[in-house]
Every structure is written in structure tokens, then in C-alpha cells.
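Some notes on the structure that comes next.
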Amino acid sequence: MPPIQAAESPAGTGIDLTGGQLGLVAGVALIAALALLVAGYLVREVLAASQGGPKMIEVGKAVQEGAAAYLSRQFKTLAAFVVVIPFVLLALPADDLGARIGRSAFFVVGAVFSALVGFVGMSLATRANTRTAAAANERGEKAALRLAFRTGGVVGMFTVGLGLLGAAVVVLIFKHTAPQVLEGFGFGAALLAMFMRVGGGIFTKAADVGADLVGKVEKGIPEDDPRNAATIADNVGDNVGDCAGMAADLFESYAVTLVAALILGIKAFGSHGLVFPLLIPAIGVITAVIGIFAVAPRSGDRDGMAAINRGFFISAVISAIGVVVVALVYLPGSFKGFHDLAGGVPKGDPRVIAISACLIGIVLAAAIQLLTGYFTETKRKPVRSVVDASTTGPATNILAGIGVGLESAVYSAVLISAAVFGAYLLGSGSITVALFAVAMAGTGLLTTVGVIISMDTFGPVSDNAQGIAEMSGEVTEEGATILTSLDAVGNTTKAITKGIAIATAVFAATALFGSFTDTITEALAKAGVNPSTTRGTIGGLNVAYPDALVGLILGAAVVFLFSGLAINAVGRAAGRVVWEVRKQFQDHPGIMEGTEKPDYGAVVDICTRDSLRELVTPGTLAVMAPIAVGFGLGYPPLGCYLAGAIAGGVLMAVFLANSGGAWDNAKKLVEDGMHGGKGSDVHAATVIGDTVGDPFKDTAGPAINPLIKVMNLVSLLIAPTVVKFSVGQDKNTWLRVLIAIVALAVIATVITISKRRGSALDAVPGDSGTAVSSNVVVATAAGQPATAPDQVNV
């Protein structure tokens, strides 16, 4: 076994891969391609299933048309970013012109892959929902769960396949400069995913909140009653938000965590460190296939969650075994020939470090699975306590849900922090190895991501299946009961995936933070400044410095501002939906009587326009805030800004996700008959709590995950320029201040415009009945656009 090669420079210049290592990377690329073939097999299985009755097919087609039209407009809106940003990246420093070109090109690849994963997830989910409803009706719970979960398996296979394929191709082409190129790949994936997550989240929750407030609370009709004009938009939203948005989000989590491991791997272990992080996710591809096919209900299971947990833990155990085998076979057993760039030669075995770090990530994924399930499952005490609190009204329901979310955030943060600290201790005094261990813990967690994504997509597919069953009226009472149970399980699986996604964000951000400090040190050296005499080292980011403390506070504050902007955007869009649905009931009394059909297309149009308009504000904040802090305050406050964003982000994201999940499942328990069931005062209280939780768990909460990584990658990319203008012969305070002022002006402008939209509700009652201007239409079974209420035969 050859010794671990030493990195000859912080950027890895001079390191090349042996023929055997190139062969291993090519093997990884082949495994990634095989994942896409497995996805194709699963697609055939899903599409071969029965679609159900004619009304099911009709409703499903309407959802497909609306979701596809929304996603098409969203991609056109985001195309400008994909075109402009590569030219900006081309101007930023890198080792050579080839690395700069590669970084720009693979920014586009990362963005396209992220969009592709989202599109595939949405496209298949909108076809699987009718099939899942039909399976529950015709073949029972086992068939319905299998179909919904394997739909998620397609998204899981695309995620691990494209993510691993992209990283492997970069390493094969660029070799020692691959880490710099991978920064572009991760940035493209993260930026597009954040926009898709925010836009899709605004769409889905605007429709959901509007449908619930008018339909359930004001009119006392079921959630997916076809008389409610917002029902089609609600079902469309599940797909563009929870499928397309979350699939893209989890893809960027996969890509950015892998990027962080590769960047640090070459610094800590040379060429071995560039190859080993690719081998671990390759194991995850194989175990994901096993885990997906292992999900099948058994007679002794209390619900569908038991079968899903079983598949997850089978995958996790096999992943752990695979990690041990690969580390023992590939890595040498001593540090002979290893030179730590941070100084000193740590004691320990690299195989032990690699195995321990990966196992920490796998164990963390399992722990989050159990912890999140405890706080969000219908059979657990926290959710039932929210139901009990609802007996005294919506206020106590909301208080109980907030309490559950806050408490669960603490436990999740402690778990994630313990995992990060445990990985850090593996460095044995070397900060380079310690940060690489943290990145490898995140990579170990990635071995379970294929099953995790399957769990996530399972949620909206089962939710849509229940809605289609109710709207069509073609499902038996037994089939409806099965779908209700699967929907509740789906709420839990979605909460679990959000918890694991934020854990990957912390691992990736911590690792990227190490890359940030290394980049600062390199930039200082190039500027002719001795890093040991400046604040550019880790010690220089000490919050004892007032400006660094300001950066820390600003980092946490941006998380709060971002969350507030996303939630307010949902509130504004939901208000327009409420006005539209109310007006249709008022102007067309026959809708409530069942003699007229509502105009579903008008609500789809409102959600589409508002979501695409509103996503610009939080997206701009994520990109511009690090620029304003870095150029305005300097590089030490920028480093602390990232630390504040990580700390505030992990707590806020888990709080929002778990409180929303608890409120949603509390509502479902009441709808199943607790405390008076549907139509009772307790039911109204839980519906109101659920509407509060909707933007929490499906818009702001999950969007914090890509937010953290976008800000880290932006900071990493601008760090050399910030240092260049801050110290040395190229110091230019005026230019720094000008850039910061421009960034702040852009942020202030988009927020001001967003706030002004808050008064737009005044115009809604007067223009609700006007013709919609969007190309988004709801289709009939014959595929014709529906522009009037009586043309939608749902």
C-alpha cells in the first residue's frame, strides 16, 4: 500500500493521481451512472401501475399541467443567474485560467443538475399520486406504500447519481485543481436549489393556507373538496415545493458536502484525500438501492413508518460495514510520509480517523431520524400534547407547537454539535485533519441520503394521493383510511429529511469554514503579509474583537431576516388566495351547491406570479449579505458572520420544521376523530395552528439549509479579493466601501419593494375577477385549458 502523499501547497498544486487512483475515480463515475439506470427501472415500475378511475386521471392531469407550467416559468426566471454568475466567477482569483474556466463551467453544470433533480422529482410525483391512490383503493396499504416510496427512490437515485457523477468527472478532468472547480459546482447547485426551495415553498403554502382558511374554517368543507378553488393549486404546490424544491435542496446538500470533503481532503491527505471522499458516497449508492427495495410493510408493523424505518436502518448498517471495508483496503495504516500543513504530525491511524468520522455521520443520521420522529409522529407524546392544548383554542395550540419546536431544536443542535465535536477530536491536534474528519462525517451521513430522499418524496406523493382520492370520490372508505395514514407518515418523513438536511448543512459549513480560513491565510501570504502577525488566522476570528462580534451577530440576524421575508411572502400570497376563493364563493353561489365549478386556474396563477416575484428578495439577501459584510467590515468579521449564520441557522431550521410538523399531525389526529373530529372547535384550532406551521416547515425552515451553504460559498469565493483590498500594496478602502454600499443598496431595494407588496391586498378584491395573465392553466381530461369555472370537470 503506497503511503499517503503530502499536499505540496495549500491548494494542492503539484499533486497528481496515479493510474490506480484514476481507475478508482472512473469506477465511482460508473457506479453513479448505474444509479441512474436503477432510477430508470423504478420509473418503469411506477408508470406501469394503474392510474385509477377517469376522475382520478382528470384531477391528476390538472395537477401535472399546473406543476409543469410553474416549473417552466421558474426556470426561465432563474436563467439570468445561470448566465451572468459564471462570468463573475471567471473574474475571481484561482490557481490558473483552466481552474477559473472550469469553475464557471461547472457552476452551470451544478445548477442544471439541481434543476434536473427537481424536475424529475416533480414530474414523476405528479404521475405517481393518482397511481398511489389507485393502489390504496385496489390493492391495499402495502402496494400504496411501495409505489409512493419507490417514486421517491427515483429522486434518490438521481440525486446520488448526478451528484457523484459531477464530482467524479471534475476530479478526472482537473485532478489537483479539482477543489477550486468544485466550488463552482457546489455553488451552482446550492444557489438554484435555494431559489427553487423558496419559490416552491411560497407557492405550496400560499395555496395550502388559503385553501384551509376559507374551505375548512369558513365553509366547513373537507381539505380537498372540489368546491374549493384552491385545491388544485394546493396539490400543484405539494409537487413544486416538496418534490421539486426539496429534491433540489437535498441534491445541493449532497453536492456541497462532497465538495467540502474533497477541498479539505487534498489538503490533509494529498491525492488519497481527493479519492477517498468519492469512495464513501459510492457505497451509499449501493446501500440506497438495498434500502429502497427493503421498504415493505409487515403484518406486525404499527404503521407505514415502521417499514420505512426498517429500510433506513438496513441501509445505514450496510453503509457502516462498507465504510470500514473501504477504509481498511484503501488507506494505509500509519502517518508515514504525511506532512500536516497546519504544523506538527498528529498521532493516530488514518484508517481509524476515516472510519470513526464516517460512522459518526451515519449514527447522527439515525439519531436525527429517531429524535425527529419522536417530536412529529402522531403516536408520540409531543404531538398529542398539541392536540390536548387545542381543546382550549387556537392560541394554546400555537403555544404548544412553538414549545415543541423550540425544545426539539435544542436536542437536535446538541446532537449535531456532539457529532461535529467528536469528528473534530479525531484530528489529534491538527486543524487540517480535524476539519477533514468533520467533512468525512458529513460524507458518512451522505451514505444514507438515497433512502432519505425517498422518504422525503414519499410525503408529497401520499399527500397528493389523499387529495386526489377526496376530489375524485372514486376511493372506498378503506382506501381513504389507508391514504390518511400514509399522509400522516409522510409528514413525519418530511420532518426527518429536513432535520438531516440541516445536519449536512452544518457539516458542510464547518468544513467550508476551514477552507475559508485557509483561503484567507493564502491570500495574506500573497499580499506579502505574515499571517501569524495578523487576525487572518483562526485566532483572528476571536469574538473578543468588537468588529468580529458584530459579524457574529449579523450572521445570526440574517437567518432571522431571511426567515421573516419567506414567511411574510407566504402571508401575502395566501391573502390573495383567500380573497380569490372567497370571491368565487360569493359571486357563484352554485359552487357551494355543487351546480357550478370553481375557477382553479385563477388560484394557480396567483400562486405562480407571487412565488416567482417573492423569491427574489430572500435569494438576493443570501448572495449580497456576505458581500456587504466582507467588503464593509473586513475578513475577520466575515468569518464570524459565517459562524453566526451556522449557529442561528441550525436552531431556526429545526424549530421551524418540527413545530410545523407537530401542528400538521395534530390536525390529522383530530380529523381522525379525537376531541370531536372534523367540524369541531378543536378541529378549527388545529387548522389554524397548521396554517401557521405551513410556511414554517415547508418554506422558511428548509430554505435555511441552502442559505447557509450559499453564504459560505459566496464568502469562500470573495475571500481573496476581500483580503487583497484590505491589506498589502493593493489595499483600497474606498473601493471596499463602495462595493459594500452597493450590496447594501441592493438588499435595501429588494426588501423595500417586497414590503410595498404588503399593501397590494387592498387591490385584490377589486381585481380578483379579472382574467389571469399567466400561462399557467388547469387542464381538463382532454388537455384543453380551463379559463372558466364550468370548464374544469373535477
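Across bins of 10 angstrom width beginning at 0, how are the C-alpha pair distances of the range 566-609 distributed, in whole percent?
P(r) over the range 566-609, rounded to whole percents: 27, 48, 21, 5.
Answer with one residue from 418, 17, 250: the one whose Cα lies farthest towards the positive end of the charge dipole of the chain, charges on Cβ with Lys, Arg +1 and Asp, Glu -1.
17
With +1 assigned to the C-beta of every Lys and Arg and -1 to the C-beta of every Asp and Glu, and no other charges, what is the dipole magnitude of the range 444-523 about the Cα centre in debye, to the nearest 20?
Numbers: 2 positive and 9 negative charges, 66 e Å.
Roughly 320 debye for the range 444-523.
Report the calculated FRET efficiency for residue 410 and residue 586 (r = Cβ-Cβ distance, R0 = 60 Å), to the nearest 0.05.
Working: r = 47 Å, r/R0 = 0.78.
Step by step, r from the Cβ atoms, then E = 0.80.
Run the dipole for the chain about the Cα centre, Lys and Arg Cβ at +1, Asp and Glu Cβ at -1, nothing else charged, and hand back the magnitude in debye, nearest 20.
Values: 52 positive and 57 negative charges, 340 e Å.
Here the chain has a charge dipole of around 1640 debye.
What lysines sit close enough to residue 526 to cross-link, taking a C-alpha to C-alpha distance under 20 Å and skipping anything fewer than 8 places away on the same chain?
List returned: 267, 724, 731.
Which of the listed residues, 568, 618, 648, is farthest toward the dipole's positive end in the range 526-676, when Lys, Arg count +1 and Asp, Glu count -1 at the beta-carbon?
648
Is the range 110-211 best put as rounded, prolate or oblate by its Cα gyration tensor, with a ≥ b ≥ c the root eigenvalues, rounded for a/c under 1.5, and otherwise prolate when a/b is larger than b/c, oblate when not? Don't skip to the end; give the middle numbers.
Values: a/c = 4.59, a/b = 1.74, b/c = 2.64.
Oblate is the answer for the range 110-211, as a/c is 1.5 or above yet b/c matches or exceeds a/b.
Rounded to the nearest 20 debye, what is the charge dipole size of the range 652-722 about its Cα centre when +1 sits on each Lys and Arg Cβ and -1 on each Asp and Glu Cβ?
On the way: 5 positive and 7 negative charges, 52 e Å.
Approximately 260 debye in magnitude.
Using a cut-off of 12 Å between beta-carbons, work out the net charge of the residues near residue 501 (Lys and Arg +1, Asp and Glu -1, residue 501 not included).
On the way: positive: 197, 494, 498, 709; negative: 249, 252, 456.
Its environment carries a net charge of +1.
Given a Förster distance of 30 angstrom, what is the FRET efficiency for residue 328 paired with residue 553, based on the Cβ-Cβ distance and rounded to 0.05? Please report the intermediate quantities before stating the final value.
Working: r = 46 Å, r/R0 = 1.53.
Once rounded, the FRET efficiency stands at 0.05.
Using a simple spin-label model with points 7 Å from Cα along the Cα→Cβ vector, what separation in nm is obtained for residue 37 and residue 96?
The two pseudo-label positions are separated by 3.5 nm.
Please give the length that would be gained between residue 756 and residue 421 if that part of the chain were fully extended, namely 0.36 nm times their separation in residues minus their C-alpha to C-alpha distance (nm, one decimal).
Values: separation 335, 0.36 × 335 = 120.60 nm, distance 4.46 nm.
Roughly 116.1 nm would be gained on extension.
Going through the range 273-331, which trypsin sites (Lys or Arg not before Pro) have at most 10 other Cβ atoms within 10 Å and a DSSP loop state? Provide the component values of the computation, followed by the final result.
Numbers: sites: 298, 302, 310; in loops: 298, 302.
Loop-located and lightly packed - 298, 302.
Reachable lysines from residue 498, Cα under 18 Å, same-chain residues fewer than 8 places away excluded?
205, 697, 709
Which net charge results for the neighbourhood of residue 92, defined as the other residues with beta-carbon distances under 9 angstrom from its beta-carbon, given Lys and Arg at +1 and Asp and Glu at -1?
Working: positive: 100, 103; negative: none.
For residues surrounding residue 92, the net value is +2.
Specify which labelled value, from (1) 33.8; (2) 30.3; (3) 51.1, agrees with mean projected area of the Cα convex hull in nm² derived from the coordinates of the model shown.
Matching entry in (1) 33.8; (2) 30.3; (3) 51.1: (2).
To check my understanding: the extent here is largest minus smallest coordinate of the Cα atoms along each principal axis. What are those three numbers for the range 361-438, in Å, largest first?
Projected onto its principal axes, the Cα set of the range 361-438 covers 56, 21, 11 Å.
Within the chain, which DSSP H helices have Cα atoms that stretch 20 Å or more along the helix axis and a mean Kyte-Doolittle hydropathy of at least 1.0?
Values: long enough: 19-47 (42 Å, 1.79); 54-91 (56 Å, 0.93); 97-138 (60 Å, 0.79); 141-174 (49 Å, 1.52); 178-211 (48 Å, 0.94); 246-269 (33 Å, 1.53); 271-294 (36 Å, 2.02); 304-330 (39 Å, 1.90); 350-376 (39 Å, 1.72); 394-425 (46 Å, 1.41); 431-446 (23 Å, 2.12); 449-472 (34 Å, 0.54); 477-526 (72 Å, 0.63); 546-587 (61 Å, 0.83); 600-614 (21 Å, -0.11); 616-633 (25 Å, 1.61); 635-671 (53 Å, 0.65); 681-695 (23 Å, 0.21); 701-726 (36 Å, 1.21); 733-756 (34 Å, 1.72).
Helices passing the filter in the chain: 19-47, 141-174, 246-269, 271-294, 304-330, 350-376, 394-425, 431-446, 616-633, 701-726, 733-756.
Less than 17 Å apart at the alpha-carbon level, and either on another chain or at least 8 residues along: which lysines does that give for residue 381?
By straight Cα distance, residue 381 reaches 667, 668.
Quote to one decimal, in nm, the extra length available between residue 525 and residue 544 on full extension: 0.36 nm per residue of separation minus the C-alpha distance between them. Intermediate values should be presented prior to the final figure.
Values: separation 19, 0.36 × 19 = 6.84 nm, distance 2.44 nm.
Result: 4.4 nm gained on full extension.
Net charge near residue 38, counting Lys/Arg +1 and Asp/Glu -1 over other residues with Cβ under 14 Å of its Cβ? Could you put the intermediate results ahead of the total?
Details: positive: 44, 150; negative: 45.
With Lys, Arg at +1 and Asp, Glu at -1, the neighbours total +1.
If R0 is 56 Å, what FRET efficiency do you get for residue 173 and residue 299 from their C-beta distance, rounded to 0.05? Kindly include the intermediate steps, with their values, before the conclusion.
Working: r = 52 Å, r/R0 = 0.93.
The computed FRET efficiency comes out at 0.60.
Quick note: the coordinates plus some simple rules give every number you see, no bench work behind them. Given the structure is predicted, the values throughout are model-derived calculations rather than measurements. Cβ sites come from the backbone with ideal geometry, for glycine too, and all protein chains shown count toward neighbours.
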